[in-house]
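Peer 1: Here it is, the structure, as structure tokens.
The values are calculated or read from the model by the stated rules, or taken from the named source; none is laboratory data. It should be emphasised that the depicted structure is a prediction, and the values quoted were computed from it without experimental measurement. Cβ sites come from the backbone with ideal geometry, for glycine too, and all protein chains shown count toward neighbours.
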Amino acid sequence: MAEYRTASDTMGEMQIPADALWGASTQRAVENFPISGTPVPAEVLHAHALLKWAAATANEESGVLDPELADAIRRAADEVIDGQLDRHFPVDVFQTGSGTSTNMNVNEVLANRAKQLLGEGLDSATVHPNDHVNASQSSNDSFPTSVHVACARLSVQELIPALEKLAQALQAKADEWSDVVKSGRTHLMDATPVTLGQEFGGYARQVTLGIARVRRALESIYELALGGTAVGTGLNCPPGFPQRVIELMADRTGIPFREAEDHFEAQGARDALVDLSGALKTVAVSLIKIANDVRWMSSGPRTGLYEIQLPEIQPGSSIMPGKVNPVIPESVRQVGAQVIGNDAAVTVGGLSGELELNVMIPLMAANVIGSINLLTSVSHVFVDKCLAGTTATDQGPKLVERSLMQVTALVPEIGYERSAKLAKQAHKEGKTLREVALEDGVDEATLDRVLDYRRMAEGGIL
């Protein structure tokens with residue numbers, strides 16, 4: 001069998017692998033962009049096929065497409081949506097900034113697969129990638145639409161549930177450790193007592209607020225550019241086409257997509273992606289803080305804080321026997337750093353909209369989707385491999401007795417100056433605050449009342 005076949009487009013003929021479903025336009029992109037070796041995210045390709053599936057129906061209903069052709073395109077699109085044809089999308093993510101190469105890749109694959117489903121050869125003109133699959137659309141409105149659809153689906157179906165799982169795990173620890181008193185720390189120095197539960201409750205709230213930020217950003221993502229065609233005017237787009245396509249996609253995904261209120265904004269700018277990426281960056285910052293605190297609290301076991309014990313999941317050193325490291329929190333922090341880096345690229349992409357079109361959409365799509373997927377995966381790992389098996393030690397309650405900052409509760413009783421003097425004396429002499437306070441004449445009943453560490457953690461005047 002021949003290794004290659006010949007396909008043509010408006011620029012001439014191209015040699016294509018014989019078993020490939022793409023056409024000449026895709027092959028040109030493959031040869032023009034041998035850059036990263038990383039294709040456009042599969043989630044975008046599947047979303048783009050979903051758009052083509054809905055477009056075939058809308059075009060059939062308006063008489064633009066013959067029912068037989070529309071049905072063949074829909075059947076081919078379903079195969080792409082299901083991931084059956086992923087190997088036929090080789091175009092590098094660093095390509096034409098509008099995503100035209102990927103749009104044509106999808107158009108050609110769907111046209112050629114539709115021909116096969118109709119019993120035709122790939123050289124048949126029965127189904128045309130532009131005239132039929134791309135009917136009533138432009139790359140400039142369809143590709144950004146698919147990017148929004150992909151980001152929304154991943155956020156709603158994968159990321160938010162993962163973050164909710166993480167928030168619930170943190171809150172469960174907060175409830176479990178509500179009575180575990182330990183020394184608070186500010187500037188990494190001893191401070192007044194808190195409970196381990198209060199700290200983990202704060203982490204749970206961070207994640208919950210992160211979920212709310214993502215949900216808020218999704219409101220703009222739900223607006224779709226479809227219907228603007230080339231520059232936002234809607235030239236060659238039949239009346240009702242975008243509304244019908246969006247309705248079909250919303251019904252199939254269960255996500256409340258809607259047509260953009262202003263198509264010039266929807267194609268000239270990618271502010272919604274910048275906003276979503278910013279929310280993801282904030283989530284990443286939260287996870288870095290939480291993971292870093294977990295590292296600090298588990299440090300030791302002999303010379304660190306060792307207030308919590310993480311699950312031992314792998315050896316920590318190739319030279320120090322018995323050493324175990326907080327590897328999961330370390331991976332969480334690395335993911336957070338990558339998401340922050342991704343956001344920087346998305347920001348540059350967002351400011352690169354010139355006149356009627358942003359021309360960094362594939363870059364922005366890859367980075368936002370990369371961030372969503374990373375945060376989704378690491379949230380599951382953080383819960384399953386770390387938090388679920390983490391236990392509290394007795395170190396926190398032991399050390400709180402040696403802390404000097406509970407002297408703060410004495411201030412209303414004996415004043416700031418005398419309290420400071422006692423704290424410094426206790427530190428210098430290696431005694432507890434209670435010991436030096438008794439020596440200084442503070443009565444024991446007062447000390448019993450104010451040096452109640454659990455009550456201190458509740459705040460107020462003791």
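Peer 1: Check S124 against each of (1) in the same structural domain as A49 (by TED's automatic domain parsing); (2) in a helix (DSSP H, G or I) and name the one condition it does not meet.
Peer 2: Evaluating S124 over (1) in the same structural domain as A49 (by TED's automatic domain parsing); (2) in a helix (DSSP H, G or I) leaves (2) as the failure.
Peer 1: One residue is enough: does segment 258-279 have a residue meeting the conditions aromatic (F, W, Y) and touching a strand residue (DSSP E or B) at 6+ places or on another chain (Cβ under 6 Å)?
Peer 2: Within segment 258-279, not a single residue is aromatic (F, W, Y) and touching a strand residue (DSSP E or B) at 6+ places or on another chain (Cβ under 6 Å).
Peer 1: One residue is enough: does segment 226-244 have a residue meeting the conditions assigned by TED's automatic domain parsing to the domain that holds L163, assigned to a helix (DSSP H, G or I), over 20 Å from R213 (Cα atoms) and aliphatic (A, V, I, L, M)?
Peer 2: So far as segment 226-244 goes, no, none of its residues is assigned by TED's automatic domain parsing to the domain that holds L163, assigned to a helix (DSSP H, G or I), over 20 Å from R213 (Cα atoms) and aliphatic (A, V, I, L, M).
Peer 1: Oh, and also: Can you find even one residue in segment 344-352 that is assigned to a helix (DSSP H, G or I), surrounded by fewer than 19 Cβ atoms within 10 Å (Cβ to Cβ) and of a type outside the set (V, I, T)?
Peer 2: yes
Peer 1: Oh, and also: Could you please find all residues in segment 88-126 being of a type in the set (V, I, T) and either surrounded by 22 or more Cβ atoms within 10 Å (Cβ to Cβ) or in contact with a helix residue (DSSP H, G or I) (Cβ under 6 Å, 6 or more places away or on another chain) (or both)? Working first, answer last.
Peer 2: First, pick out the residues of segment 88-126 that are of a type in the set (V, I, T): 91, 93, 96, 100, 102, 106, 109, 126.
The answer is V91, V93, T100, T102, V106, V109, T126.
Peer 1: Across segment 41-57, what is the number of residues that are farther than 16 Å from A152 by Cβ and buried (at least 23 other Cβ atoms within 10 Å of the Cβ)? Lay out the reasoning, then the answer.
Peer 2: As a first pass, look at segment 41-57 and keep what is farther than 16 Å from A152 by Cβ: 52-53, 55-57.
Adding the requirement that they be buried (at least 23 other Cβ atoms within 10 Å of the Cβ) leaves 52-53, 55-56.
Residues flagged as farther than 16 Å from A152 by Cβ and buried (at least 23 other Cβ atoms within 10 Å of the Cβ) within segment 41-57 amount to 4.
Peer 1: Every residue in segment 58-73 that is part of a helix (DSSP H, G or I) and buried (at least 21 other Cβ atoms within 10 Å of the Cβ), please.
Peer 2: A58, N59, L69, A70, A72, I73
Peer 1: Any idea how many residues of segment 25-57 are part of a loop (DSSP other than H, G, I, E, B), closer than 24 Å to A225 by Cα and either small (G, A, S) or in contact with a strand residue (DSSP E or B) (Cβ under 9 Å, 6 or more places away or on another chain) (or both)?
Peer 2: 1
Peer 1: Go through segment 74-87 and count every residue that is touching a helix residue (DSSP H, G or I) at 6+ places or on another chain (Cβ under 9 Å) and either of a type in the set (S, T, Y) or in a helix (DSSP H, G or I) (or both).
Peer 2: Counting residues in segment 74-87 that are touching a helix residue (DSSP H, G or I) at 6+ places or on another chain (Cβ under 9 Å) and either of a type in the set (S, T, Y) or in a helix (DSSP H, G or I) (or both) gives 9.
Peer 1: Pull up segment 1-35, narrow it to residues that are without any contact (Cβ under 8 Å) to a residue 24 or more places away in the chain and of a type in the set (S, T, Y), then point me to the one that is nearest to D131 (Cα to Cα).
Peer 2: T10
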